[in-house]
Amino acid sequence: MVEANKFRLGLFVLIGVVLFLACLFVFGLSDMFTKKAHFVSVFRESVQGLNIGSSVKYKGVPVGTVSKISILVDEKLILVEMDVDLSFFATSKSQVEGNLLGKFYNFCRDERAKGLRCRLEYAGITGLKFVEIDYFAQPSEPIAIPRPDYLRKDVFYVPSSPGVFTDILKLINVSLERISKIDFENLSDQMGSTLKEMKKIVSDPKLKKAIDQLNNMSGNLEKSSESIAKVLTEKRLKQIFARVEDSLKSLDSLAKRITVQLGQAKLPATSTAFREAAESVNDTRQMLGNTLMKLDQAIDALTELVNYLNDDPSSLLKGKKKPKIKFTEPEKK
Amino acid sequence: MNNKRKPIVEVRNLTIGYDRQTVMEELNFSVFTGEIFVILGCSGCGKSTLLKHLIGLYEPFRGEIKIFGESIVRADEDEKRELMRQFGVTYQGGALFGSLTLAENVSLPLEEYTTLSREKIKERAYEKLALVDLQGFEEYMPAEISGGMKKRAGLARAMALDPKLLFFDEPSAGLDPITSAELDRLILRLRKELGTTIIIVTHELDSIFTVADRVIMLDKRTKSIIAEGEPHDLKKNSDNDWVREFLNRSNLKQV
Amino acid sequence: MSIFNGENVFTDFVEKIGKATQVILKDLRDLTLLVGDITKTSWYVIKHPSKLRWRDVGYYMDLCGSQALPIVIMICFLMGLILAFQAAVQARKFGGEIFVADAVGFSILKELGPLMVAMIATGRAGSAFAAEIGTMKVNEEISALETMGFSPCRFLVIPKVVSMLIAMPVLTVFGDVSGLFGGFVVGVTMLDLPGMAYYTRTIAVLYPSTMALGLIKSVVFGLLIAIVGCLRGFQSESDAQGVGRSTTSSVVTSIFLIVIADSVLTMLYTFLGY
């Protein structure tokens with residue numbers, strides 16, 4: 001019989017099995033013996049670049065990995081689940097025994113109140129991201145996205161804080177889109193014609209005349225009101241009133257008579273024509289007044305625009321009155 | 001010939017060949033218990049092919065082969081294996097398993113088919129090897145012994161289960177005349193001592209006249225049995241010239 | 001054989017295709033028969049474990065496993081070395097030297113470890129199986145087995161298959177470890193990475209499942225090598241040249257099937273999300 005070298009064969013199989021078990025242990029079965037805390041966060045922004053297995057860092061210390069990424073359909077938010085290894089958190093206190101996980105969660109709860117947030121950060125230039133946990137918010141700052149109420153009870157919710165570079169691309173895109181929508185040619189044409197019109201109106205001699213007349217009129221009005229004031233005393237007023245009353249009475253009778261007569265005559269047509277003529281004069285005056293008022297408004301608005309652009313030229317890109325991004329200084333601890 | 005004896009191998013209307021090419025057509029013969037039956041013919045006429053059909057390795061085109069009264073042609077795999085176990089075959093080169101010693105080669109069928117203890121099996125294997133004059137070579141590997149010894153070891157293995165029927169494929173091919181003659185004597189002794197029926201395929205005339213009770217001669221051209229009978233009788237009285245020539249040439253050579 | 005005096009290239013071409021088709025169909029038929037036989041015999045052997053030729057299993061495991069160990073360790077070590085070297089050249093441009101650990105770890109465990117071991121095993125075991133069975137056929141040992149009422153499948157094929165199924169994953173474990181070590185050597189010496197950093201990175205990116213996937217591959221490869229080796233052996237013509245041809249053919253066919261199986265498995269893994 002051609003026999004196997006039993007010693008060699010046995011050694012081969014034994015060492016192979018031992019190596020296999022060692023590899024399994026080294027590659028991750030050791031995970032089973034480490035205590036893990038489960039963190040959950042919800043992001044409004046895109047998590048592009050974040051993968052399952054991406055690291056989770058606490059102040060730069062890699063303490064865990066991303067275990068699951070899912071989408072909350074109703075709110076259109078991204079749910080990121082993380083496993084955090086407790087062994088990275090050393091404590092000076094001696095009572096580490098007992099419910100380690102519970103104590104850790106208590107610690108985290110306190111820290112969350114102090115502003116503990118997680119934020120997506122870029123890892124180098126590859127476009128990959130990791131989750132950074134740090135004190136990005138002020139202690140009193142409210143939580144932007146509240147904890148979704150259907151999360152599992154045994155996970156710890158860390159609110160997210162918008163990333164430093166969040167939406168920078170989006171902002172530029174929106175601005176560019178807006179700029180591209182502006183019809184500059186048409187706008188300048190319109191402005192040119194408006195200015196021309198305005199010039200014409202301003203330089204119109206009729207306008208000058210009208211203003212002069214207005215001046216005169218107001219002067220006369222002043223004079224007449226003064227003389228009226230001089231003439232009108234109480235006694236005279238009474239007399240006037242008495243006379244007016246008489247006049248009115250006679251007028252009344254006169255009117256009655258006239259009405260009768262008028263009813264026979266063909267006066268109504270004549271009076272209507274007269275009234276219309278008077279109204280048209282009135283309209284013209286009103287229109288002139290309106291025009292002047294609008295011109296005034298237009299000039300105001302232009303001045304305001306020029307001033308605004310002078311102050312903040314970038315608003316041409318960003319649009320008006322967008323709240324500026326606030327940079328909060330991370331609290332050092 | 002006593003035709004009333006019970007045939008141990010019966011061949012009826014057998015047509016054989018390989019790859020669609022017919023080698024032999026419409027063969028009919030029987031082998032009777034206790035006989036030494038020789039299948040004779042020139043090289044390439046299909047002797048070995050016929051043997052392989054008889055022992056069930058090849059399937060015939062047509063016809064029937066009965067061994068111990070049971071058809072080996074129509075048997076399914078398990079029945080065939082059962083049937084094969086009842087006869088022994090000795091191949092041209094011995095066909096010993098190269099990875100086993102001679103004793104292990106002989107023990108193999110015993111280990112598989114009997115419930116004997118390990119010691120008993122070894123005892124039996126040594127006994128069979130002694131029967132073919134191979135004492136002292138039990139623990140040799142097949143590669144370490146000569147061609148004649150291999151054939152004898154093969155014979156010992158074929159006889160391990162004490163079969164009633166033995167097939168020999170070219171027992172004396174490639175052996176010197178003395179070794180060949182020794183093998184012939186061994187065959188005769190087996191028949192005498194154990195009463196085994198033996199079927200031999202050969203073209204060695206020396207053996208034929210020494211051992212054969214009855215021969216059939218195969219002819220390539222007619223694809224059939226050209227002669228059947230007792231060799232000495234055929235040599236003298238055959239009505240076929242070619243048969244007489246074939247058998248007598250040995251005489252010339254011997255002289 | 002061409003009807004146009006052998007001048008017609010087109011007819012020759014069609015004839016060749018016809019012959020090739022015949023050969024492929026015959027191979028497929030033989031393979032199916034062999035696999036069927038193996039399945040049937042395996043079932044029998046599972047029910048009667050004592051009928052398995054355990055000594056043969058040990059012999060083949062020694063031949064294809066422990067004796068192949070030095071070459072496997074050396075080839076895989078060099079493979080890891082080369083891989084790390086190539087990855088280093090690229091990774092250096094981006095300052096990502098540490099990613100060499102990722103590249104070497106994943107490539108060796110998931111792909112190259114099992115593949116290189118399979119190539120070595122094809123050369124050693126597959127050819128040996130084909131030559132052994134081919135020679136046995138020449139010596140009429142196969143016929144002898146059959147006429148002794150033994151199943152050649154149980155005697156010759158099953159021990160080889162079983163031994164390969166055990167030896168291949170074990171060899172692959174050795175290959176994996178030495179390949180990772182090769183990467184480590186380049187990482188530490190050429191890239192000046194701290195050894196601990198490389199080690200930490202390696203075990204951080206690799207999971208037990210990564211290794212298990214590679215080992216599953218190696219089991220499949222082992223099965224293929226054993227089956228193809230035996231198939232070519234049984235198909236061998238009964239002369240010395242025939243045995244030689246069947247040996248060559250077993251190696252070629254094995255490598256071909258291994259590459260196909262590898263692609264299929266890799267696609268399957270991707271499909272299943274590993």
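The values are calculated or read from the model by the stated rules, or taken from the named source; none is laboratory data. All values derive from a computational prediction rather than experimental measurement. Note: ideal-geometry Cβ built from the backbone for every residue, glycine included; neighbour counts use all protein chains shown. Side chains are part of the model used for accessible areas, which takes the heavy atoms of the whole protein and leaves out ligands, DNA and RNA. Shrake-Rupley method; radii C 1.70, N 1.55, O 1.52, S 1.80 Å.
With the simple spin-label model, which puts each label point 7 Å out from Cα in the Cβ direction, the A:R236 to A:Q213 separation comes to 3.1 nm. Shown in residue order for segment B:206-219 are the 3J(HN,Hα) couplings computed by the Karplus curve 6.51 cos²θ - 1.76 cosθ + 1.60 at θ = phi - 60°: 4, 5, 3, 5, 6, 10, 6, 7, 8, 10, 10, 10, 9, 10 Hz (x for Gly and Pro). Of C:T172, C:T247, C:T202, the residue with the greatest mean-square motion in the GNM of chain C, using alpha carbon springs below 10 Å, is C:T202.
Between B:F68 and B:A143, the FRET efficiency from the beta-carbon distance, with R0 = 30 Å, is close to 0.25.
Considering only the protein assembly as shown, what is the antiparallel percent among its DSSP beta bridges, to the nearest 5? Rounded to the nearest five, the antiparallel share is 65 percent. Averaged over residues, the count of other Cβ atoms within 10 Å places the peptides C:21-31, B:166-176 in the sequence B:166-176, C:21-31, highest first.
Averaged over peptide C:63-73, the number of partner chain Cβ atoms lying within 10 Å of each residue's Cβ comes to 3. In this structure, the pairs whose alpha-carbon distance is over 24 Å, taken from B:K6/B:K80; A:K57/A:K114; B:K164/C:K47; B:K164/C:K160, are B:K164/C:K47; B:K164/C:K160. Per residue, chain C reaches -27000 deg cm²/dmol at 222 nm when only DSSP H runs of four or more residues are counted, each adding -39500 (n - 2.57).
Quick one: of the DSSP bridges fully inside chain B, what percent are antiparallel, nearest 5?
Counting only bridges with both partners in chain B, antiparallel ones make up about 50 percent.
In terms of its C-alpha gyration tensor, the protein assembly as shown has a prolate overall shape, because the principal axis ratio a/c (a ≥ b ≥ c, square roots of the eigenvalues) is not below 1.5 and a/b outweighs b/c. Shape of segment C:172-268 from its Cα gyration tensor (a ≥ b ≥ c, root eigenvalues): rounded if a/c is under 1.5, otherwise prolate when a/b > b/c, or oblate? It comes out prolate by the Cα gyration axes. Calculated FRET efficiency, B:R221 to B:D176, Cβ-Cβ distance, R0 = 25 Å: about 0.20 to the nearest 0.05. Count Lys and Arg as plus one, Asp and Glu as minus one, and take only other residues whose Cβ is under 10 Å from that of C:E111; the net charge is then +1.
Cβ under 11 Å from B:G88's Cβ, B:G88 left aside: what net charge do those residues give with Lys, Arg +1 and Asp, Glu -1? Kindly include the intermediate steps, with their values, before the conclusion.
Details: positive: B:R85, B:K128, B:R157, B:K164; negative: B:D162.
The answer is +3.
Sorting C:147-159, B:52-64 by their mean Cβ neighbour count within 10 Å, with the most densely packed peptide first, gives C:147-159, B:52-64. With a simple spin-label model that places each label point 7 Å from the Cα along the Cα-to-Cβ direction, the separation between A:Q297 and A:L86 comes to 7.0 nm. For peptide C:174-185, the mean count of partner chain Cβ atoms within 10 Å of a residue's Cβ comes to 1. Neighbouring Cβ atoms from other chains, within 10 Å of the Cβ of residues in A:12-25, number 6 on average. Counting Lys and Arg as +1 and Asp and Glu as -1 over every other residue whose Cβ lies under 13 Å from the Cβ of C:V259, the net charge comes to -1. Once the 1.4 Å probe is applied to the protein heavy atoms, chain C comes out at 46 Å² accessible per residue. In this rough spin-label picture, where each label sits 7 Å from Cα along the Cβ direction, the C:K19-C:Y274 distance is 4.3 nm. Highest mean first, the peptides A:195-205, C:98-108 sorted by other C-beta atoms within 10 Å per residue fall in the order C:98-108, A:195-205.
In percent, rounded to a whole number, the relative contact order of chain B is 23, using alpha-carbon pairs under 8 Å and six or more apart. For segment C:1-152, relative contact order (Cα pairs under 8 Å, six or more residues apart, normalised by length) works out to 16 percent.
If R0 is taken as 25 Å, the Cβ-Cβ distance between A:A123 and A:R152 corresponds to a FRET efficiency of 0.30.
Working note: 222 nm ellipticity from helices only, DSSP H runs with n ≥ 4, each -39,500 (n - 2.57), summed and divided by the residues of chain B, gives -12000 deg cm²/dmol to the nearest 500.
Coupling constants for segment C:124-138 follow from the phi torsions by the Karplus curve (6.51 cos²θ - 1.76 cosθ + 1.60, θ = phi - 60°), and in residue order they are 8, 7, x, 5, 4, 4, 4, 5, 5, 5, x, 5, 4, 5, 4 Hz; glycine and proline get x.
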